[in-house]
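Before we start, here is the structure in question, set down as structure tokens.
Bear in mind that the values in this text are calculations on the coordinates, not laboratory data. Every value quoted in this text rests on a predicted model; they were computed, and no experiment measured them. All Cβ positions, even for glycine, are placed from backbone atoms using ideal geometry, and neighbour counts span all protein chains on display.
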Amino acid sequence: MLLTISRFNRCEYCMAAHSMIADQMSRVPPAVTEAIRKGLAIPEPKLAALSVFTDTLLGTRGLPSKAWARVKTERHLQTSTKRALELYYRMWLETDFSAEVRSARVETPLLVIGGRQDLPGFQEEHLRRTFGAWYPNVDFNFITDAGHYPMQETPVYLASLVERFLEAHR
């Protein structure tokens, strides 16, 4: 990964340092190191996949690609009907179950993580107005570069938010 990052950043010093580390310490086959350094096809399939993954993350700044969004949209349309989506969205936005939630008196700390690019009914204002009113021990985090799928769009950052929350509420 570090060698791929060095190539992506065009850092000659980093390329030399990480090539030496790959060859001497990590025992990466020399043909792999050379292929990464020159931007050629990598002969080891797993290392090739890791290099492509790293390049993709760097090239998109960790954001999902257009291909990911297209696949996600196609799957959504193939597995849902328009009527089901309408009813779900209406239920989410219009059903008032706040009395039931308040009467449960949930004291357990709750973390709500939203994406700033999500649909209107799932954005910060709505989540704060509902969850914020219903739960006395709620924390909010909103991820700028995520929509409705932060677990797929920004998985590492999402995991760090969950870990931080869990550590704070031990």
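Rounded to the nearest Å, what's the spacing between the alpha carbon centres of region 67-134 and region 34-49? Just the number, please.
Spelled out, the Cα-based centre of one part sits 42 Å from the other.
Output the relative contact order of region 2-59, whole-number percent, from Cα pairs under 8 angstrom with separation of 6+ residues.
36
Once fully extended, how much extra length lies between Arg164 and Ala67, figured as 0.36 nm per residue of separation less the alpha-carbon to alpha-carbon distance?
Result for the pair: 31.8 nm of gain on full extension.
Extending each Cα 7 Å along its Cβ direction at His148 and Glu86, get the distance between those two points in nm, one decimal.
1.6
Provide Thr144, Thr4 in ascending order of the number of other Cβ atoms located within 10 Å of each residue's Cβ, fewest first.
Ordered from fewest to most neighbouring Cβ atoms within 10 Å, Thr144, Thr4 come out as Thr144, Thr4.
Here's another thing I want to ask about it. What trypsin sites (Lys or Arg not before Pro) in region 4-62 are in a loop by DSSP, with at most 10 other Cβ atoms within 10 Å of the Cβ?
Within region 4-62, the qualifying trypsin sites (Lys or Arg not before Pro) (loop, at most 10 other Cβ atoms within 10 Å) are Arg10, Arg27, Arg61.
Something else now. So, R0 is 30 Å and r is the distance between the beta-carbons of Phe53 and Ser98; what FRET efficiency does that work out to, to 0.05?
About 0.10, to the nearest 0.05.
What does the helix-only formula give at 222 nm for the chain: each DSSP H stretch with n ≥ 4 adding -39500 (n - 2.57), the total divided by the residues, and the result rounded to the nearest 500 deg cm²/dmol?
-18000 deg cm²/dmol
Would you please classify the overall shape of the chain from the alpha carbon gyration tensor, given that a ≥ b ≥ c denote the square roots of the eigenvalues, rounded means a/c under 1.5, and beyond that prolate means a/b larger than b/c while oblate covers the rest?
prolate
If you don't mind, there's one more thing I want to ask. Only helices at least 18 Å long along their own axis, judged from Cα atoms, and with Kyte-Doolittle mean hydropathy of 0.5 or greater: name those in the chain from DSSP H.
45-59, 155-168
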